[in-house]
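Just below is one structure, and these are the notes that go with it.
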Amino acid sequence: MSARAGEEFDTVRASADVDALLAARVPAAGPTVAVGDPATGEWTTTRGEGFRIVPLWEGEPLTGLYGPGWNEAVDAADAHLATLVRELDGRWGAHRRVALRVPLFRKQRGAALPPLFDALLAQDCYGDLTVWGPVGADGSGAVQRWVAVSAGHSAGDAPVVMAAAVSDRPIVELPEDDAC
């Protein structure tokens, strides 16, 4: 669960959270650390070498939903993500997609992953990434960052989580290998 559980989706707030993430310091080195709310333990942020990730929204658990009800909940989450993507496309131009299929298969095999992909999967952020960049982190264009958003869930009854990531390195699709 994330600290966003139970909140209504708000495009303005999600966009502001992306702006705050873009302006935040990104660690140049160091271990990956996931931080939880001190009172509840719910995930609030993950930081690691060259990146930060935050939850933007979390839907209701899909427990007990089947067929149309499950599809409606997932479709609503996809619509929230599409609304945010349109907002960010308006700022930074057309996005590109980075699939998480290859990192997921590699993680299942126990293969090493770049820290950003490893951290996303550790938080059950399995949705493909919508990526922009480089974009200016400070408004002047001097500091370049890559921004990604995604929505997905780890299991059939888990809630959909929308997350944002900012990296000081390009966010690119990993090449397929023989096991993919």
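Any read-out appearing in this document is the output of simple, stated calculations on the displayed coordinates, not a laboratory observation. Please read these numbers as outputs of a predicted model, since none were measured by experiment. Cβ atoms come from the backbone with ideal geometry, glycine included; neighbour counts cover every protein chain shown.
Whole-Hz Karplus values for region 93-109 come out as x, 4, 8, 9, 9, 10, 6, 9, 4, 5, x, 5, 5, 5, 5, 4, 7 Hz, taken residue by residue from phi with 6.51 cos²θ - 1.76 cosθ + 1.60 and θ = phi - 60°; glycine and proline positions read x. Ranking of V161, V26, V18 by neighbouring Cβ atoms within 10 Å, starting from the fewest: V26, V18, V161. Under 5 Å from the amide H of T45 lie the amide H atoms of V35, each residue being 5 or more positions distant or on a separate chain, with H modelled from the backbone and absent for Pro and chain starts.
Each Cα pair under 8 Å and six or more residues apart adds its sequence gap; the mean of these over the residue count of region 11-167 is a relative contact order of 28 percent.
At a 10 angstrom cut-off on C-beta neighbours, averaged per residue, how do the peptides 115-128, 47-60 rank from highest to lowest?
Working: 115-128: 20.2, 47-60: 22.3.
Taking the mean over residues of other Cβ atoms within 10 Å, the ranking is 47-60, 115-128.
Estimated from helices alone, the mean residue ellipticity of the chain at 222 nm is -10000 deg cm²/dmol (sum of -39500 (n - 2.57) over DSSP H runs with n ≥ 4, per residue). In whole angstrom, the chain maps to an equivalent ellipsoid with semi-axes of 24, 20, 17, each derived as √(5λ) from the alpha carbon gyration tensor and ordered largest first. Across region 120-133, rounded Karplus estimates of 3J(HN,Hα) from the backbone phi angles (6.51 cos²θ - 1.76 cosθ + 1.60, θ = phi - 60°) give 4, 5, 5, 9, 6, 8, 9, x, 4, 8, 9, 10, 10, x Hz, Gly and Pro being marked x. Once backbone amide H atoms are built at 1.01 Å from N, G50 has A28, A29 as its partners under 5 Å, excluding neighbours fewer than 5 places away on the same chain.
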